[in-house]
Amino acid sequence: MANSIHLLPDHIANQIAAGEVIQRPASAVKELLENAVDAGASEIKLIINDAGKALIQVIDNGKGMNPIDAQNAFARHATSKISSIEDLFQIRTMGFRGEALASIAAVAQVSLKTRLAEDELGTSVEIENSQVSETSPIACPVGTSISMKNLFFNVPARRNFLKSNSAELKHIIEEFTRVALAFPEIYFTLTNNGQDVFHWEAGSFKQRAIHVLGNSYQTKLVAVGEKTDYLTISGFVGKPETAKKTRSDQYFFVNRRFIKSAYLHHAIANAFDGLIPKESFPSYILYIDVDPAQVDINVHPTKQEIKFEDDKIIYAFVQAAVKHALAQFSIAPSLDFSLDADIQQLDAIQKPLTQEQRNNTTSSSLYAGFTQKNQAHFIPKVSEAEKKEWKSFFSELPSSDQNEAEQGNESFIVKSSSMGLYKDASPVMVREDATLLQINNTYILAPVDAGFIMVHQQLAHERVLYEKYQKASVQPHATQKSLFPVVLELSVPDAILLEDMIEDLAIIGYEIEPFGQNSFIIQGIPADVISGNEKNAIELLLEQFKHFSGDIKFSKREKLIRCMARQSAIKAGQSLSQKEMHSLIESLFNCDTPNVSASGAPTYIDFKEAYLDGLFSK
Ligand code: ADP
Ligand code: MG
């Protein structure tokens, strides 16, 4: 029998391996930017077309490559960054595996132009299917320019897997932002389809943070800075008022490498405990620097995880550093600051660190500030308006106070008349004068002709709103103009997402306009949404939209409608007045499909007399 094992041809082996490193345009962007950083560039330009699907080009003014290196760079495991096993424990560069360029060359048409400062001429290399197809001397600036065209042109399955341009662009911007935050001393630009997206001059960490977060953060950042023999932490946390309903502005770097760590996030969230509402997220950009020997970055290159020698110390340290910074900010003398008794009682201020945490980090002088009780009394007073905002954000719906209901507050119940005539075909009919019973603030029992029905208030209302928003596509929903339009400042990825949703939001009554970089102005809101809450409503909507999951691939509008319905629906646990319950049930049976919620769960259960009798028969 013939031998059946053979070695895969190089280009196929490379393509398979490339799958690990280059999953989407953003992964290539990250690798190319990091190479430019490693090359010591002080200026890095990223140029993309069609969200990187057509073109990704990175131009740097770094050290460049000689003609031989320029060709070798694309071989698998070709790296100039380590040459011995010992080097692995002292890595100071972003890359070291020598996989990125080989992977990129396996899945795109690549051309490279590069020149060393001391050379008069540079080198141009063209690559297709992992093979160098052409090299020639060329006149070009010092540094390197790598462009990759038609990503995944030879792997159609992967190409088809790519998301919409706006989704891929969002990922690219995320990677770009992370690298730019880690290296503020480098000038970064991003151009998309010929348009300038970012222009970030070299500057301090703070300046870069403001580039990324927006000018309004100029006065809203609290500097964090602590140093021990073991590690250093620096960076910023947003003042409590900048906390958001989304996790968008959270960045953690270890030795200038962006990492994701739920554990360290928890440490920061803990430091904010009591200062911000439970469901909101603090913004932060924090940098930890440790001796490279203390961390293991030798995990998978794209995983953004990290292993510390001692996690617990880092946890306690991060938490303490953030607490310390917040405490200092709050006692800084300022005319606007006043003592707020409520805030003084908060855990974050009352409780110093635990003995264990303190013992763990005795090397730090940090704790001096935490041994005294109440040393952080001065917290700027929360304005009435802000308090109202928080309040409404916790109770998205008007109170069920009888009075309010009596006054015809229909902000969350669709008036049946607006839904057309009562359908005669409807098998269920609840008499207007029937007394309804709410159980556990969740279920409504209503007598019907032959038995009773039990309605799930949240699911029922979701159905009502879902159909209402769906119909709005035909006949746009009424808008109420805001007297005091609210400005919404978002992170870059969120801004792109919202930009994309503006049209659909308009149909359901939100009038939103772009308002400068990453900002939007909310000019109008759906007629039945309580004003004063619009900012949180939009933030919450974005968050839900991002995490929307379902087996079926819904259109953007369908997804939005579903999120809106879910978000605005009366929640289980909310007490309702008779009038509200009647109104809800009437609206439900005015629906085209009253019996299931948009997500497919039943909205009510019908208990027929015959069935009930059966239950009680001997
Ligand atoms: P790694 O970064 O892990 O070493 P890469 O595949 O990303 O591997 O790059 C391979 C090698 O090519 C690098 O080690 C470096 O010597 C060279 N190189 C890549 N990009 C650049 C660049 N922009 N400027 C100078 N040299 C580069
Ligand atoms: Mg690299």
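The values are calculated or read from the model by the stated rules, or taken from the named source; none is laboratory data. Quantities reported herein were computed from a predicted structural model and do not represent experimental measurements. So basically every Cβ, Gly included, is an ideal-geometry build from the backbone, and we count neighbours across all protein chains shown.
Okay, here's what the table says:
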| quantity | calculated |
| --- | --- |
| Given (1) part of a loop (DSSP other than H, G, I, E, B); (2) closer than 13 Å to VAL224 by Cα, number of the condition PHE252 does not satisfy | (1) |
| Test result for HIS211, without any contact (Cβ under 8 Å) to a residue 60 or more places away in the chain, of a type outside the set (A, V, I, L, M, F, W, C) and more than 12 Å from VAL318 (Cβ to Cβ) | yes |
| Sole residue being in contact (Cβ under 8 Å) with a residue 40 or more places away in the chain and either β-branched (Val, Ile, Thr) or near ligand 1 (Cβ under 7 Å from one of its atoms) (or both), chosen from ILE85, ILE68, ILE59 | ILE59 |
| Odd one out for ILE59 among (1) surrounded by 20 or more Cβ atoms within 10 Å (Cβ to Cβ); (2) more than 19 Å from MET94 (Cα to Cα) | (2) |
| Residue that is touching a strand residue (DSSP E or B) at 6+ places or on another chain (Cβ under 8 Å) and either within 17 Å of HIS11 (Cα to Cα) or among the charged types (D, E, K, R) (or both), where the choices are GLN109, GLN131 | GLN109 |
| Condition check for SER111: more than 8 Å from ligand 1 (Cβ to nearest atom) and modelled with pLDDT of 95 or more | yes |
| Among the candidates GLY143, GLY214, GLY235, residue that is surrounded by 14 or more Cβ atoms within 10 Å (Cβ to Cβ), at positive phi and within 16 Å of ligand 1 (Cβ to nearest atom) | GLY143 |
| SER124 part of a strand (DSSP E or B), farther than 19 Å from LYS30 by Cβ and within 15 Å of ligand 1 (Cβ to nearest atom) | yes |
| Test: residue in the stretch 158-170 that is out of contact with any His (no Cβ under 6 Å at 6 or more places or on another chain), aromatic (Phe, Trp, Tyr), buried (at least 20 other Cβ atoms within 10 Å of the Cβ) and more than 11 Å from ILE48 (Cα to Cα) | no |
| Members of the stretch 168-205 that are touching a strand residue (DSSP E or B) at 6+ places or on another chain (Cβ under 6 Å), among the small types (Gly, Ala, Ser) and over 17 Å from ILE259 (Cβ atoms) | ALA202 |
| Residue that is basic (Lys, Arg), within 16 Å of ligand 2 (Cβ to nearest atom) and buried (at least 18 other Cβ atoms within 10 Å of the Cβ), where the choices are ARG76, ARG115 | ARG76 |
| Options ALA51, ALA2, ALA39: the member that is away from ligand 1 (no atom under 12 Å from the Cβ), over 17 Å from SER130 (Cα atoms) and either exposed (fewer than 15 other Cβ atoms within 10 Å of the Cβ) or more than 29 Å from the chain's Cα centre (by Cα) (or both) | ALA2 |
